[in-house]
Amino acid sequence: MTRLLIVRHGQTSWNGSKRFQGWTDIELDEIGREQALKAAVALAAQEPDLIVASDLSRALDTAQAVADLTGQSVSTDERLRERGYGPWEGLTMPEIAVDWPDEHALWRAGRPVALKGIESWEDLKARTGAAMAEIIEKVGDGTAVVACHGGSARQAVAAVLGWDAEMTNTIHGLDNCHWADVRLSRGWRLHAYNVGVAF
């Protein structure tokens, strides 16, 4: 049975201040490092055969905590990065509402935002889906831990399960250091979502 544990990274200071991170390389904060260590115990207990992470440090460090317990190495793949938010990175929603009121309204309504530098959900799903296809091929019948980000994790799950945008929008982004458990057993199935340990 192929099993994918798709994990969101631990907390960063920008998570705490509700700032868009995107491709900006923000490190785990003290809380995030503690979250990663606690989550790593539960994830390592699943005996992963492969550990892969986004190349951004918050995801890589989350994955490394698992690798430190299992004695494995972490492979990185930039296709697992968070959605690119371009000019919105580092900003809060209230700040965006002031400078981009029309785009902010579209965002709040769940509609596409066509703004230079902001990656579409379709493009995010395509690149995370390509990464997941390679991970699935590499892990074979084993278990892979895949550490990425809130937006990219959601689209990675959708890509593996073959969901369209409407179906994908029925699930929220993962909490910090929580994961989705997706398994291949008579087809791909979502076994659990937003699973984590008590922090």
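The values are calculated or read from the model by the stated rules, or taken from the named source; none is laboratory data. Note that the structure is predicted; figures quoted are calculated from it, not measured. Because the Cβ atoms are built from the backbone with ideal geometry, glycine has one as well, and the counts that use them run over all protein chains shown. Areas reflect the complete protein model, heavy atoms only, side chains present, ligands, DNA and RNA absent. Shrake-Rupley method; radii C 1.70, N 1.55, O 1.52, S 1.80 Å.
Observations on the model:
- Surface exposure of the chain, expressed per residue as accessible area with a 1.4 Å probe, stands at 48 Å².
- Length gained on full extension, Val41 to Glu134, computed as 0.36 nm times the residue gap minus the Cα-Cα distance: 30.9 nm.
- Across the cross-link table entries Lys18/Lys116; Lys18/Lys125; Lys116/Lys138, which are compared at the Cα atoms, the separations over 27 Å belong to Lys116/Lys138.
- Other residues with beta-carbon under 11 Å from the beta-carbon of Asp164 carry, at +1 per Lys or Arg and -1 per Asp or Glu, a net charge of -1.
- Over all other residues within a Cβ to Cβ distance under 15 Å of Lys38, the charged ones net out to -4, with Lys and Arg as +1 and Asp and Glu as -1.
- Rounded FRET efficiency, nearest 0.05, which uses the C-beta distance separating Arg186 from Asp99 and R0 of 41 Å: 0.25
- Simple spin-label estimate for Ala165 and Glu30 in nanometres, 7 Å along Cα-Cβ: 4.3 nm
- Long-range Cα-Cα pairs in the chain (distance over 26 Å), rounded percent: 29 percent
- Cα long-axis angle, helix 57-70 against the chain (0 to 90 degrees, to the nearest 10): 10 degrees
- Taking the chain and dividing mean pair separation by its residue count, relative contact order in percent (alpha carbons under 8 Å, at least six apart): 33 percent
- Projecting the Cα positions of His172, Pro101, Val145 onto the charge dipole of the chain (unit charges on Cβ atoms of Lys, Arg, Asp and Glu, taken about the Cα centre) puts His172 furthest along the positive direction.
- The per residue volume of the convex hull around the alpha-carbon atoms of segment 20-67 is 70 Å³.
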